[in-house]
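A.B. asks: Can you keep this structure in mind? I'll have questions shortly.
The values are calculated or read from the model by the stated rules, or taken from the named source; none is laboratory data. What you see is a predicted model, and the numbers here were worked out from it, not measured in a lab. Here the Cβ is made from the backbone with ideal geometry for all residues, glycine too, and neighbour counts use every protein chain on show. Surface accessibility is based on the protein's heavy atoms, side chains included, excluding ligands, DNA and RNA. Shrake-Rupley method; radii C 1.70, N 1.55, O 1.52, S 1.80 Å.
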Amino acid sequence: MALAKGRRLTVAVLAAVTALGVSVVVAYRMLAPADVVTPATQPYPAAVTPKVGTDTRLAMAPLIVDDRLRVYATTRQVWADHPVDARTRRTAFWSLRRWPAEVSGVAAGGTTVLTRWSDGELVALDARTGEVAWRVTGPKPAEGYTGRLTGAETVYAPPGLHLATDAASGRVTAVVAGGGELAAYDLADGRQLWRASVDDNCRGESFTTAGGQLALIDTCAQPRAIELRDLSTGQPIAGRQLDVSGTDLAVTPVGCRAAASDCTALRVTAGGQTQGWRVDGETPVAVAALDAPGSVLVGDAVVGFEGTDLVVRSAQGAERWRKSAPDTTLLAAADGRVHLRTSGNDLVTFELNRGRELSRFPLTMYSDDTGWEAGYVQAVDGYVVVERLNRADPDLGDRAYYLGAEPVLIAVTGR
């Protein structure tokens, strides 16, 4: 009897230990770092020919990829849906979720979507399938997710993540900055091209130029300088440095794609003076027409306001066309188009070369308030994505900062 009791006690103890072991395994599986890749189960969608107008209102700001997908980011997930002109968000076409890392930035080149995470991981996805194309560990970003309600900053202006396209070879390079380091990778296969140490105390904002360089702001140089580096080596290019006099220095990249990439120009304000520079070639060239705040270089044309007139000039200064546009703001200029928002809240699009009006329609849906301010704006392939703000005060909570629960509009201006 005593032996049976002892056996029963032993069995009970073993059962308890086993149960505890199972619970530990379950807890580990729930709490351990994990990646969940959900690839596409449907064929890659075809490009669509959407109807001109404003027909899409979303809670999240999408990065339009390959004219086929909308890619979004939130704290720990990046996912895609389609079609681009769907009125609302659709079921995910593919998805990547990581834990406990946070999404720091997203950028896209061709059919490759590059995601950057707070632990330094760079995970490239094939947009056509959602499968991982490559992954490496790069410099750690200073912060994790900063996109707030819409994710717009994460997909349109991710800090320390840029792409650059080589005009001759077509190679797309991804440049990552953080933690006192710079690193560059071939977007096609993740091969590291170079890695370099930098002094974070002296490094201001960075961006890539349409001329195929990395622009770095050196705040410790005397005089302060805008340094251009070779994207193949990471080394400063001799004779490609803009010395700027004055103690204050503000540099605004101009005519950029998302992620401050392939910028065509920059504007420097220092010592009370403002000067515009064209940086879409090998050597920076001063362009007087770019001195005006808000002016943009698109191709060989400078777009900006002179009084109440919208004026398009050549980079050499010759006027091409102008239109009276009082109480109008320039939302974007890209891909041979100029997009304006009128005081009556219409979106008006002009052809860049000749000034022909391509489309005009209300930039609103349903009975939305029209007294909003524009936040992030992206124009690509005839689409204009606008983030709408109640008041442009980033210290406000999301409910007061954004226009409603679906503050993002996608407008189609034609092809």
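A.B. asks: Which residues does the label zone of Q222 cover in region 264-278, counting backbone N under 18 Å from a point 7 Å along Cα→Cβ?
C.D. replies: Within reach of a label on Q222: 271.
A.B. asks: Hey, what does the equivalent ellipsoid look like for the chain, semi-axes from the Cα gyration tensor as sqrt of 5 times each eigenvalue, largest first, whole Å?
C.D. replies: Working from the Cα gyration tensor, I get semi-axes of 44, 28, 19 Å.
A.B. asks: What Kirkwood Rh does region 176-229 have if only Cα atoms enter the pairwise 1/r average? Answer in Å.
C.D. replies: Averaging 1/r across every pair of different Cα atoms and inverting gives 12.0 Å.
A.B. asks: Shifting gears a bit: Tell me, what does the Kirkwood hydrodynamic radius of region 47-86 come to in angstroms if you use every pair of distinct C-alpha atoms?
C.D. replies: Taking every pair of different Cα atoms in region 47-86, averaging 1/r and inverting gives 10.9 Å.
A.B. asks: Full-extension gain between D200 and D335, please, as 0.36 nm times their residue separation minus the C-alpha to C-alpha distance.
C.D. replies: 45.1 nm
A.B. asks: A follow-up question, please. How much length would be gained if the chain were fully extended between T283 and A59, taking 0.36 nm per residue of separation minus their Cα-Cα distance, in nm to one decimal?
C.D. replies: 76.5 nm
A.B. asks: Same structure, new question: What are the extents of the Cα atoms of region 63-122 along their three principal axes, in Å, largest first?
C.D. replies: Cα spread of region 63-122 along its principal axes, largest to smallest: 34, 22, 13 Å.
A.B. asks: Which residues does a label at T308 reach in region 343-379, if reach means a backbone N under 15 Å from a point 7 Å past the Cα toward the Cβ?
C.D. replies: Correct set: 343-344.
A.B. asks: Now for a separate question. Sorted from largest to smallest, which semi-axis lengths in Å does the alpha carbon gyration tensor of region 285-342 give for its equivalent ellipsoid, taking the root of 5 times each eigenvalue?
C.D. replies: Square roots of five times the eigenvalues give 17, 12, 10 Å.
A.B. asks: Rounded to the nearest percent, how much of the accessible area of the chain (1.4 Å probe, protein heavy atoms only) is carbon and sulfur?
C.D. replies: Looking at the chain in its full context, I get 52 percent from C and S.
A.B. asks: Just to confirm, what accessible area per residue do you get for the chain at 1.4 Å probe, in whole Å²?
C.D. replies: 46 Å²
A.B. asks: Moving on to the next point. Efficiency by 1/(1 + (r/R0)^6): what FRET value for D381 and N345, r their Cβ-Cβ distance, R0 = 25 Å, to the nearest 0.05?
C.D. replies: Calculated transfer efficiency: 0.60.
A.B. asks: Inverting the mean 1/r over all pairs of different Cα atoms, compute the Kirkwood radius of region 285-399 and quote it in Å.
C.D. replies: Computed over region 285-399, the radius equals 15.1 Å.
A.B. asks: Rounded to the nearest 20 debye, what is the charge dipole size of the chain about its Cα centre when +1 sits on each Lys and Arg Cβ and -1 on each Asp and Glu Cβ?
C.D. replies: That gives a dipole near 1580 debye.
A.B. asks: Counting just the Cα atoms, what span does region 28-165 cover along each of its three principal axes? Round to the nearest Å and put the largest first.
C.D. replies: Its Cα atoms span 46, 31, 30 Å along the three principal axes.
A.B. asks: Still on this structure, I have one more. Rg and Dmax of region 136-234 over Cα atoms: what are they, in angstrom?
C.D. replies: According to the Cα coordinates of region 136-234, Rg and Dmax are 13.7, 41 Å.
A.B. asks: Tell me the net charge near N345. Cut-off is 13 Å between Cβ atoms, N345 excluded, with +1 for each Lys or Arg and -1 for each Asp or Glu.
C.D. replies: Counting the neighbours of N345, the net charge comes to -2.
A.B. asks: Same structure again: How are the alpha carbon pair distances in region 243-293 distributed across 10 Å bins from zero to the largest one, expressed in percent?
C.D. replies: It works out to 27, 53, 20, 0, in whole percents.
A.B. asks: So what's the Cα pair-distance distribution over region 317-377, bin width 10 Å, in %?
C.D. replies: Calculated P(r), rounded to whole percents: 20, 52, 23, 5, 0.
A.B. asks: Along each of the three principal axes of the Cα atoms of region 112-170, give the extent in whole Å, ordering the values from largest to smallest.
C.D. replies: That works out to 35, 25, 24 Å along the principal axes.
A.B. asks: Here's another thing I want to ask about it. Just subtract the alpha-carbon distance of D189 and T91 from 0.36 nm times their residue separation and send over the number in nm, one decimal.
C.D. replies: Additional length available on full extension: 32.4 nm.
A.B. asks: To test your reading of the geometry: what angle, between 0 and 90 degrees and rounded to tens, separates the Cα axis of helix 2-31 from the longest principal axis of the chain?
C.D. replies: Around 10 degrees separate the two axes.
A.B. asks: By the gyration tensor of its Cα atoms, with a ≥ b ≥ c the square roots of the eigenvalues, what is the shape of region 201-311: rounded for a/c under 1.5, prolate for a/b over b/c, or oblate?
C.D. replies: oblate
A.B. asks: Please quote Rg/Rh for region 334-415 to two decimal places, taking the Kirkwood radius as Rh and restricting both calculations to Cα atoms.
C.D. replies: Result: Rg/Rh = 1.00.
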